[in-house]
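Asks: Below is one structure. I have some questions about it.
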Amino acid sequence: MAVFPRTLRKPLAAVALLAVLAGCQATPQAELRGTGDLGVVVERATGSLAVVDTSHHRILDRVEGLGDLSHASVKFSRDARYAFVFGRDGGLSRVDLLSGEITHRVMQSGNSIGGAISQDGSLVAVANYEPGGVKVFDSETLEAVAEIPATYRDENGETKRSKVVGLVDAPGNRFVYSLFEAGEIHMLDMREGVPDVTRFREIGEAPYDALIGPNGRYYIAGLFGEDGLALLDLWHPEAGVQRILPDYGRGEERLPVYKMPHLEGWAMAGDEAWLPAVGRHEVLVADSDDWSLVERIAVHGQPIFVMSRPDERQVWVNFAHPDNNVVQVIDTESREIVATLEPGEAVLHMEFTPRGEQVWISARDSDRVVVYDTHTLEEVARLDSESPSGIFFTDRAHRIGL
């Protein structure tokens, strides 16, 4: 290391400082800010993403040119600077939240339904309807790494491709997903850089969505073709798939289903899991030790998202058409509905701030996002947004399955 005489140190330091300042002025950069209180709101009608500041309840930027966002989802890089946007048209986009720019974009399929980020943040996997399968990309460049067709044999012995649903990340750079037509769960291991797929067959009829627990152990697929769910213990995959809650609707006629429930936002409260019942005006409560049904709670309509406040004291529920102007809040200790709120028409999504003091709710047909205090249950802010749907905050970057 060079050592300068004491008399030269101050002039040299001044020269260095001037050089740094000159460099800063010569090179325009994104505004300096932390990303921990940022998030995005999907504006489906305009194919845009609103970048929001969750602390100050404001829209900072809008990113356009993201294609068909009618069923879009978003994941974040591990440094929470980049949002990966999975469009319904098969577009995969990487958005810089600080500059408000699309850094990379690929049209990777004809019809896509979401994706996931690997545990180490190096890989992005996309679930595709058309052609059915999973594609894996490098998260820095969006260059293709692998393609895994979702093939199966139908009752006539013909090889076909299935729609892929319920794709999640799992510990160990693994991805787990379900095949809708095939009635299968697949586990994709990318630890060695080469796809290694384990198949679990005959898991139930028409898995429509899935979730993974917050500790990454249990993968649970909801079944549309029959009552019940399919559970895979990722600590012991050799044990196969277990059926849970197989007869929660026994003896009852299922109602017409206007919108599939979503399982990604499932609620854990203590030792219990809270889940939406398919085709019923009920939220199911299950014991997470043996996955037996504990209780069925009657609610306003057919639940779509059943989401737990981070401290697990409340569960917030929104509903399918025609009851989708209402959100209900359930106290997890008493299991009673403590509030029925009306944020606007066509409530599509809810997102809690990282510590749960507030919840943001999108009301698509009212063109607004409404923010509530989760303790007082009073409205604290309202943002104008054209046809908002999904809301995603950057704390998801550090949580399994989100």
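The values are calculated or read from the model by the stated rules, or taken from the named source; none is laboratory data. Note that the structure is predicted; figures quoted are calculated from it, not measured. Heads up, the Cβs are rebuilt from the backbone with ideal geometry, glycines too, and the neighbour counts pull from every protein chain shown.
Asks: What residue, among those in segment 109-120 that are at pLDDT 95 or above and surrounded by fewer than 20 Cβ atoms within 10 Å (Cβ to Cβ), is nearest to the chain's Cα centre (by Cα)? Steps first, please.
Replies: Quick first cut of segment 109-120, residues at pLDDT 95 or above only: 115-120.
Now narrow it down to the ones that are surrounded by fewer than 20 Cβ atoms within 10 Å (Cβ to Cβ): 119-120.
Numbers: GLN119: 15, ASP120: 17 Å.
Per the stated criteria, the residue is GLN119.
Asks: With the requirement that a residue be in contact (Cβ under 8 Å) with a residue 24 or more places away in the chain, surrounded by fewer than 16 Cβ atoms within 10 Å (Cβ to Cβ) and either in a strand (DSSP E or B) or in contact with a helix residue (DSSP H, G or I) (Cβ under 8 Å, 6 or more places away or on another chain) (or both), what does segment 355-375 give you?
Replies: Residues satisfying the conditions do not exist here.
Asks: Testing SER99 on (1) at pLDDT 95 or above; (2) part of a strand (DSSP E or B), one condition comes back false. Which one is that?
Replies: Only one criterion is unmet by SER99, namely (2).
Asks: Would you please name the residue that is nearest to LEU263 (Cα to Cα), looking only at residues in segment 49-78 that are more than 15 Å from the chain's Cα centre (by Cα) and of a type in the set (D, E, K, R)?
Replies: By that ranking, first place goes to ASP68.
Asks: Another question, then. Pairs please, first residue from segment 56-69 and touching a residue at least 60 places away in the same chain (Cβ under 8 Å), second anywhere and part of a strand (DSSP E or B) and small (Gly, Ala, Ser), Cβ atoms under 7 Å, 6+ apart in sequence or on different chains.
Replies: Note: pairs meeting the criteria are HIS57/ALA381; ILE59/ALA50.
Asks: Being under 30 Å from VAL369 (Cα atoms) and at pLDDT below 95 is true for just one of GLU31, GLU43. Which residue is that?
Replies: Details: GLU43 fails: at pLDDT below 95.
Just a single option satisfies the conditions, and that option is GLU31.
Asks: Condition (residue is at pLDDT below 95, assigned to a strand (DSSP E or B), of a type in the set (Lys, Arg) and surrounded by fewer than 18 Cβ atoms within 10 Å (Cβ to Cβ)) applied to segment 236-243: is it met by at least one residue?
Replies: Taking every residue of segment 236-243 in turn, at least one turns out to be at pLDDT below 95, assigned to a strand (DSSP E or B), of a type in the set (Lys, Arg) and surrounded by fewer than 18 Cβ atoms within 10 Å (Cβ to Cβ).
Asks: Looking at ASN128 and the list (1) at negative phi; (2) free of Cβ contacts under 8 Å to residues at least 40 places away in the same chain; (3) surrounded by fewer than 19 Cβ atoms within 10 Å (Cβ to Cβ), which single condition is not satisfied?
Replies: (3)
Asks: Can you give me the number of residues within segment 148-182 that are touching a strand residue (DSSP E or B) at 6+ places or on another chain (Cβ under 9 Å) and either closer than 15 Å to TYR219 by Cβ or of a type in the set (Ser, Thr, Tyr) (or both)? Can you show your working first?
Replies: Here is the first cut: in segment 148-182, the ones touching a strand residue (DSSP E or B) at 6+ places or on another chain (Cβ under 9 Å) are 148-154, 159-170, 172-182.
Now narrow it down to the ones that are either closer than 15 Å to TYR219 by Cβ or of a type in the set (Ser, Thr, Tyr) (or both): 151-152, 159, 162, 164-170, 172, 174-179.
Summing the residues that are touching a strand residue (DSSP E or B) at 6+ places or on another chain (Cβ under 9 Å) and either closer than 15 Å to TYR219 by Cβ or of a type in the set (Ser, Thr, Tyr) (or both) in segment 148-182 gives 18.
Asks: Hey, another quick one. Going through segment 153-188 one residue at a time, which ones are closer than 14 Å to PHE200 by Cα, at pLDDT 95 or above and surrounded by fewer than 19 Cβ atoms within 10 Å (Cβ to Cβ)?
Replies: GLU181, MET187
Asks: Can you tell me which residues in segment 137-157 are closer than 11 Å to LEU92 by Cβ and of a type in the set (A, V, I, L, M, F, W, C)?
Replies: Of segment 137-157, the ones closer than 11 Å to LEU92 by Cβ are 137, 139, 142, 144.
Matches in segment 137-157: PHE137, LEU142, ALA144.
Asks: Just need a number here: residues in segment 376-402 that are among the hydroxyl-bearing types (Ser, Thr, Tyr) and in a strand (DSSP E or B). Explain how you work it out, then say what you get.
Replies: Going residue by residue through segment 376-402, those that are among the hydroxyl-bearing types (Ser, Thr, Tyr) are 376, 385, 387, 389, 394.
Next, only the ones that are in a strand (DSSP E or B) stay: 389.
Qualifying residue count for the region: 1.
Asks: Can you pull out every residue in segment 158-185 that is out of contact with any Ser or Thr (no Cβ under 7 Å at 6 or more places or on another chain) and touching a residue at least 60 places away in the same chain (Cβ under 8 Å)?
Replies: VAL168, ALA170, PRO171, ARG174, listed by residue number.
Asks: Restricting to segment 134-152, give me the number of residues that are surrounded by 15 or more Cβ atoms within 10 Å (Cβ to Cβ) and part of a loop (DSSP other than H, G, I, E, B).
Replies: 3
Asks: Only one of these is surrounded by 14 or more Cβ atoms within 10 Å (Cβ to Cβ) and modelled with pLDDT of 95 or more: LEU211, LEU123, LEU223. Name it. Even if it seems obvious, please write down each step before you answer.
Replies: Working: LEU211 fails: modelled with pLDDT of 95 or more; LEU223 fails: modelled with pLDDT of 95 or more.
Result: LEU123 is the single residue among LEU211, LEU123, LEU223 that is surrounded by 14 or more Cβ atoms within 10 Å (Cβ to Cβ) and modelled with pLDDT of 95 or more.
Asks: Still on this structure, please answer the following. Can you tell me how many residues within segment 320-337 are under 19 Å from GLU295 (Cα atoms), touching a residue at least 12 places away in the same chain (Cβ under 8 Å) and part of a strand (DSSP E or B)?
Replies: Restricting attention to segment 320-337, the residues satisfying the condition of being under 19 Å from GLU295 (Cα atoms) are 328-337.
Now restrict to residues that are touching a residue at least 12 places away in the same chain (Cβ under 8 Å): 328-333, 335, 337.
Next cut, part of a strand (DSSP E or B) only: 328-331, 337.
Residues in segment 320-337 being under 19 Å from GLU295 (Cα atoms), touching a residue at least 12 places away in the same chain (Cβ under 8 Å) and part of a strand (DSSP E or B): 5 in total.
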